[in-house]
Amino acid sequence: FFYSLLFPGLIVCATLCVCLVIILWRIKLLLQRKKKSASISKNGKDQMVIAFFHPYCNAGGGGERVLWCALRALQKKFPEAVYVVYTGDTDVSGPQILEGAFRRFNIRLIHPVKFVFLRKRYLVEDSLYPHFTLLGQSLGSIFLGWEALMQCVPDVYIDSMGYAFTLPLFKYLGGCRVGSYVHYPTISTDMLSVVKNQNVGFNNAAFITQNPFLSKLKLIYYYLFAFIYGLVGSCSDVVMVNSSWTLNHILSLWKVGNCTDIVYPPCDVQTFLDIPLREKKMTPGHLLVSIGQFRPEKNHPLQIRAFAKLLKNRVTESLPSLKLVLIGGCRNQEDELRVNQLRKLSEDLGVQEYVAFKINVPFDELKNYLSEATVGLHTMWNEHFGIGVVECMAAGTIILAHNSGGPKLDIVVPHEGDITGFLAESEEGYAETMAHILSMSAEKRLQIRNNARASVSRFSDQEF
């Protein structure tokens, strides 16, 4: 009976495979014709179409700054090309997106950009996948990429937001040259170690860590996902990573070292150089600032708890008045809810009158806060790079960053043998280091500021 079914089964499977190949071939021909017609300009000449896949291009994070600086740099070098941005920001218009880029980052493009608005961005929202989030978002990005490809077939496709599963789609069906700018690997060996060691994290719930069987299942799932992630990532013709930490993970997963390079993200260093390094004494006390989108991995609660501990210890240490200002962008209702939870945490710790939240502030206001601040806080574990850290150092704010990732390996490192900032990990460590910085003499803090500012020129827009 088995052998009687085997031969017909093989015929059915082979027929289905042939049909699939024919369908994909026909789709590729259709897309190639669409690509050819889109590349012809009004004067009849072929124009190269360069497209960036950035579904959240209207957000105010460091990844968006990379996008706009990359567009500006390419437009200067290839002014005749057509530039396209695939975005899911359907609630705003193209001119509003460009105006937002100028308001937040002080970046003005020199040539027009065509925006292709995607209606299915909800498919990559993490809230849609309470379980198997990585897999769900990755599969969702394929459907979102298909929507983008059907609207515009470019010559060059650049994933600038980390949706590696779209790369084979554009390379093999769209016939595009594909590139990636990787801010943060979708999965990393650090994530694997968290699950393997059964440690609790924002992406590893307590009920999983407490169950050895569930931990094993999740570890298998992570290893399988990492294998597939490596396959799709290896489709890139060019890979750029934003830090040494990201480089190590991408080389381990994608194994395309021959076309992978570190390109530090562009930081608006020059804009902050006009801020005087001397401490202003217009207002008593010290201002502590935090720059970063209100996402869970940024770990803003750690900042508030450490600040509360600092205030508690200040009673016996006679420090001047202190204030913590958290500056960042909110992308959606989940981020807004997160801010409300942080406000509630401040109230529960009794420090609400010393903590302020500044949401989606314009660039000039951000710069003003940095010019007044004494300490800049950063608390994300394994931050891929940390543009906010660089901006603090360029502005003359003494940085206190997490002892991991990009800040540890690339940014808060000695400059010509001199200290440029501080690193910490625990709540107690942050509180103690903040107290140490604030207890320093103004002259000692000025020396650290000078070292930090001299060290960040390698992260400038010009270098990028």
In this structure, the FRET efficiency calculated for SER234 and ILE23 from their beta-carbon separation, with R0 = 22 Å, to the nearest 0.05, is 0.35
Using DSSP to define loop residues, name the trypsin sites (Lys or Arg not before Pro) in the range 98-155 whose beta-carbon has at most 16 other beta-carbon atoms within 10 Å. ARG108, ARG119, LYS120
Between helix 442-455 and the chain: long-axis angle, C-alpha atoms, 0 to 90°, nearest 10: 20 degrees
For the peptides 224-233, 136-145, what is the packing order when you average, over each peptide's residues, the other Cβ atoms within 10 Å and list the highest mean first? 136-145, 224-233
Taking the Cα centre of the chain as origin, sum charge times position over the Cβ atoms of Lys and Arg (+1) and Asp and Glu (-1), and report the length of that vector in debye to the nearest 20. 1140 debye
Given the candidates TYR229, PRO265, CYS152, the one whose Cα lies deepest towards the positive end of the charge dipole of the chain, counting +1 at each Lys or Arg C-beta and -1 at each Asp or Glu C-beta, is CYS152
In degrees, nearest ten, helix 333-348 long axis to first principal axis of the chain (Cα): 30 degrees
Simple spin-label estimate for ILE419 and VAL92 in nanometres, 7 Å along Cα-Cβ: 4.0 nm
Point-to-point label distance, CYS259-SER127, nm (Cα→Cβ direction, 7 Å offset): 3.7 nm
Relative to the longest principal axis of the chain, what angle (0 to 90°, nearest 10) does the C-alpha long axis of helix 2-38 take? 70 degrees
Around ILE399, which amide H atoms from residues at least 5 apart in sequence, or from another chain, sit under 5 Å from its own amide H, with H modelled in the peptide plane? GLY376, PHE422
Please list, in chain and number order, the residues 5+ apart from ASN360 or on another chain whose amide H is under 5 Å from its amide H, with Hs placed from the backbone. GLY328, GLY329, CYS330
State to the nearest 20 debye the size of the charge dipole of the range 39-147 about its Cα centre, where the only charges are +1 on K and R beta carbons and -1 on D and E beta carbons. 460 debye
Sparse-neighbour loop sites [trypsin sites (Lys or Arg not before Pro); the range 300-395; at most 15 other C-beta within 10 Å; DSSP]: none
Work out the charge dipole of the chain with +1 on the Cβ of Lys and Arg and -1 on the Cβ of Asp and Glu about the Cα centre, then indicate which of TRP254, LEU366, ASN211 is farthest towards its positive end. TRP254
Exposure rank, largest accessible area first [HIS111, HIS183; 1.4 Å]: HIS111, HIS183
So, in nm, how far is label LEU109 from label LEU30 when the simple model puts each one 7 Å beyond its Cα toward the Cβ? 2.8 nm
Would you please put 399-407, 245-253 in order of how densely packed they are, using the mean number of other Cβ atoms within 10 angstrom per residue and starting with the highest? 399-407, 245-253
Report P(r) for the range 320-422: all Cα-Cα distances, bin width 10 Å, range 0 to the bin holding the largest distance, values in whole percent. 14, 39, 38, 9, 1
What FRET efficiency would be calculated for the residue pair LEU219, ARG278, taking the C-beta separation as r and a Förster radius of 51 Å, to the nearest 0.05? 0.45
Set the Förster distance to 45 Å, then compute FRET efficiency between ASN211 and SER439 from the Cβ-Cβ distance, nearest 0.05. 0.45
Percentage of Cα-Cα pair distances in the chain greater than 27 Å, rounded to whole percent? 59 percent
Leaving out ligands and nucleic acids, note down the accessible area per residue over the chain with a 1.4 angstrom probe, in whole Å². 48 Å²
Any chance you could look up the accessible area of TRP146 with a 1.4 Å probe, heavy atoms only, rounded to 10 Å²? 90 Å²
Per residue of the chain, what 222 nm ellipticity follows from adding -39500 (n - 2.57) for every DSSP H run with n ≥ 4, rounded to the nearest 500? -15000 deg cm²/dmol
Give me the percent of DSSP beta bridges within the chain that run antiparallel, rounded to the nearest 5. 5 percent
Highest-first arrangement of 56-62, 129-135, where packing means the average Cβ count within 10 Å: 56-62, 129-135
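The values are calculated or read from the model by the stated rules, or taken from the named source; none is laboratory data. The model shown is predicted, which means the values in this text are computed figures rather than measured ones. Counting neighbours? That spans all protein chains shown, and the Cβs are built from the backbone with ideal geometry, glycine included. Please note that ligands, DNA and RNA were not included when accessible areas were found on the heavy atoms of the full protein model with its side chains. Shrake-Rupley method; radii C 1.70, N 1.55, O 1.52, S 1.80 Å.
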